[in-house]
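Colleague: Before we start, here is the structure in question, set down as structure tokens.
The values are calculated or read from the model by the stated rules, or taken from the named source; none is laboratory data. Note that the structure is a prediction, hence the values are computed from the model and not measured. Cβ: placed from backbone, ideal geometry, glycine included. Neighbour counts: every protein chain shown.
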Amino acid sequence: MIPGVSQRRRFSDLSEQEILALAISSEEDDARIYRIYAEQLRADYPDSAKVFEDMAAEEDTHRRRLIEMHQQRFGDVIPLIRREHVSGYYARRPVWLIQNLGIERIREEAEMMERDAHNFYTRAAQRTQDATTRKLLGDLAAAEAGHTAAADKLVGEHVDEDSREQEARTAHRQFVLTWVQPGLAGLMDGSVSTLAPIFATAFATQDTWTTFLVGLAASVGAGISMGFTEAASDDGEISGRGSPIKRGIASGVMTAIGGLGHALPYLIPHFWTATIIAMIVVFVELWAIAWIQKKYMDTPFLRAAFQVVLGGALVFAAGVLIGSG
């Protein structure tokens, strides 16, 4: 087991039976999600709720067709394999994160769900040698593509959008998946994980040059590690998160920047001047992370700030206590 490297199965390593089992569990989950959306919209948007109910019913039909195919080829025992067991497989945002965000946001989630499912069935059909199974998966890919048009009807009477706005949403989502998410993860790791070694060294030695060298080494090392880990964790074929090289660069560079931010002040020869500036930089970094989470990840700002600032403060305190001791 290699630390930092995902132990989940790669999609390319799945057997045809496991691909069918994965499709069955995914259809079950999506049907549940659609029914939850329908229940949330029923009071204010009954027509839209009916659309989601119909989409859930069609997902049930897909599931039954997949189960019948599995029974014909492999028998009645379906392997237990779910999204979280497969590296790079698309994930669903928990329903409670969007339940109060309105019909437009629910529509965006529905479009993303259908686009992800279409990509999965397309890739799965290419991996299948059995002609009947390949035809079924191809038919399901076409059906999922058609669901996107059904999702468009959800806000036809409530939101005036054109094709350019739809393209903009798609481009924005791809930007977030390829650059923002890995970059944010790197910035958080670099900003928080390097606090302890940098400030422990600072208070233990009170030597600004030594502290800078430790901070530089920690930041560059963490950046290289995070970059390779992100690039190796997901090839982007199924998840749609984009090039692993781009994600690795985003994660690695932002990790290094996160650590260097509070290491560079120690180029100042005066210890307390450098330390006070470094503390200010840490404060700015942590609040910037909270703001990015709010803007791009829809995390409530106060919750994001509490989590990031509290975590950073604990790591900072640990570094100071260790260095002072």
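Colleague: Picking from A222, A185, A231, A217, which residue would you name as being part of a helix (DSSP H, G or I), modelled with pLDDT of 90 or more and crowded, with 18+ Cβ neighbours inside 10 Å?
Modeller: Only one candidate passes the filter, namely A222.
Colleague: How about the range 1-18: which of its residues are in a loop (DSSP other than H, G, I, E, B), of a type in the set (G, A, S) and modelled with pLDDT under 85?
Modeller: Initially, the range 1-18 is screened for residues in a loop (DSSP other than H, G, I, E, B), giving 1-8, 14-15.
Checking the rest, the ones that are also of a type in the set (G, A, S) come to 4, 6, 15.
G4, S6 - these are the residues of the range 1-18 that are in a loop (DSSP other than H, G, I, E, B), of a type in the set (G, A, S) and modelled with pLDDT under 85.
Colleague: Looking only at the range 305-319, decide whether some residue is in contact with a helix residue (DSSP H, G or I) (Cβ under 6 Å, 6 or more places away or on another chain), surrounded by 16 or more Cβ atoms within 10 Å (Cβ to Cβ) and modelled with pLDDT of 90 or more.
Modeller: no
Colleague: Shifting gears a bit: Looking only at the range 105-142, filter to residues that are at pLDDT 85 or above and small (G, A, S); which one of those is surrounded by the fewest Cβ atoms within 10 Å (Cβ to Cβ)?
Modeller: Across the range 105-142, the extreme among qualifying residues is A131.
Colleague: For the range 216-225, state whether one or more residues are under 30 Å from H118 (Cα atoms) and among the hydrophobic types (A, V, I, L, M, F, W, C).
Modeller: Going through the range 216-225, the residues under 30 Å from H118 (Cα atoms) turn out to be none.
Within the range 216-225, none of the residues are under 30 Å from H118 (Cα atoms) and among the hydrophobic types (A, V, I, L, M, F, W, C).
Colleague: Can you list residue pairs whose Cβ atoms sit under 9 Å apart, with the first residue in the range 303-314 being within 9 Å of L286 (Cβ to Cβ) and in the same structural domain as W287 (by TED's automatic domain parsing) and the second being assigned to a helix (DSSP H, G or I) and small (G, A, S)? Count only pairs 6 or more apart in sequence or on different chains.
Modeller: Going by the 9 Å Cβ cut-off, the qualifying pairs are A305/A290; V308/S191; V308/A290; V309/A290; G312/S191.
Colleague: Hey, can you tell me all the residues within the range 270-311 that are in contact with a Ser or Thr (Cβ under 8 Å, 6 or more places away or on another chain) and farther than 18 Å from G183 by Cα?
Modeller: H270, F271, A274
One line per residue, one yes/no per condition, for (1) part of a loop (DSSP other than H, G, I, E, B); (2) touching a residue at least 24 places away in the same chain (Cβ under 8 Å); (3) in the same structural domain as T132 (by TED's automatic domain parsing):
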{"position": "L20", "(1), (2), (3)": "no, yes, yes"}
{"position": "I24", "(1), (2), (3)": "no, yes, yes"}
{"position": "Y37", "(1), (2), (3)": "no, yes, yes"}
{"position": "A43", "(1), (2), (3)": "yes, no, yes"}
{"position": "E53", "(1), (2), (3)": "no, no, yes"}
{"position": "D60", "(1), (2), (3)": "no, yes, yes"}
{"position": "H70", "(1), (2), (3)": "no, yes, yes"}
{"position": "R73", "(1), (2), (3)": "no, yes, yes"}
{"position": "P79", "(1), (2), (3)": "yes, yes, yes"}
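Colleague: I would also like to ask the following. Just one of the numbered conditions (1) modelled with pLDDT of 90 or more; (2) part of a helix (DSSP H, G or I); (3) not acidic (D, E) is not true of P269; which one?
Modeller: (2)
Colleague: Show the residue pairs meeting these rules: Cβ distance below 6 Å; 6+ apart or different chains; first residue within the range 234-250 and outside the structural domain of F120 (by TED's automatic domain parsing) and more than 10 Å from P182 (Cβ to Cβ); second residue modelled with pLDDT under 80 and not charged (D, E, K, R).
Modeller: Here the result reads D235/G88; G236/G242; I238/G88; I238/Y89; S239/G88; S239/Y90, each pair linking the range 234-250 to a residue that is modelled with pLDDT under 80 and not charged (D, E, K, R).
Colleague: Inspect the range 282-300 for any residue being closer than 14 Å to A196 by Cβ and either loosely packed, with under 15 Cβ neighbours inside 10 Å or of a type in the set (A, V, I, L, M, F, W, C) (or both) and give the result as yes or no.
Modeller: Looking for residues that are closer than 14 Å to A196 by Cβ and either loosely packed, with under 15 Cβ neighbours inside 10 Å or of a type in the set (A, V, I, L, M, F, W, C) (or both), one finds at least one in the range 282-300, hence yes.
Colleague: Kindly establish whether T299 is part of a helix (DSSP H, G or I) and among the polar types (S, T, N, Q).
Modeller: no
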